[in-house]
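Below is one structure, written out as structure tokens; comments come after it.
The values are calculated or read from the model by the stated rules, or taken from the named source; none is laboratory data. Nothing here was measured: the structure is a model prediction, and the numbers come from that model. We place every Cβ from the backbone using ideal geometry, glycine too, and count neighbours over all the protein chains shown.
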Amino acid sequence: MYSGFDFENFDVRNQEMRTEGAVMRAVTSTLDFFFGCHHRHLSRVFTIDRQTYRVCCDCGAKFEYSLDSMRMEPRFRAFGAPQAIM
């Protein structure tokens, strides 16, 4: 019976998608650095629905903010970096 799922090539395809995602994050970060908003005008810290963040007043981008370290969290995490689960 055919299930429509290719179990034999799943790991290979999953690794290819992760690699493509890492490459796209690098390209996006580079283009954003040269042509995007540099987020120089940030709002004060907001905490709404247990999410703490700051907002760029120019483009509206949200940035996670850590009350423990009193700093903004990195926008893109390194590939394979552990993430906190809340």
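Between a first residue in region 38-54 that is part of a loop (DSSP other than H, G, I, E, B) and a second residue that is among the aliphatic types (A, V, I, L, M), which pairs have beta carbons less than 6 Å apart while being 6 or more apart in sequence or on different chains?
Matching pairs, first to second residue: SER43/VAL55.
Please name all residue pairs, on different chains or six or more residues apart, with Cβ atoms under 9 Å, provided the first residue is in region 66-83 and is in the same structural domain as SER43 (by TED's automatic domain parsing) and more than 16 Å from VAL23 (Cα to Cα) and the second residue is part of a loop (DSSP other than H, G, I, E, B) and at pLDDT 90 or above.
LEU67/VAL45; MET70/VAL45
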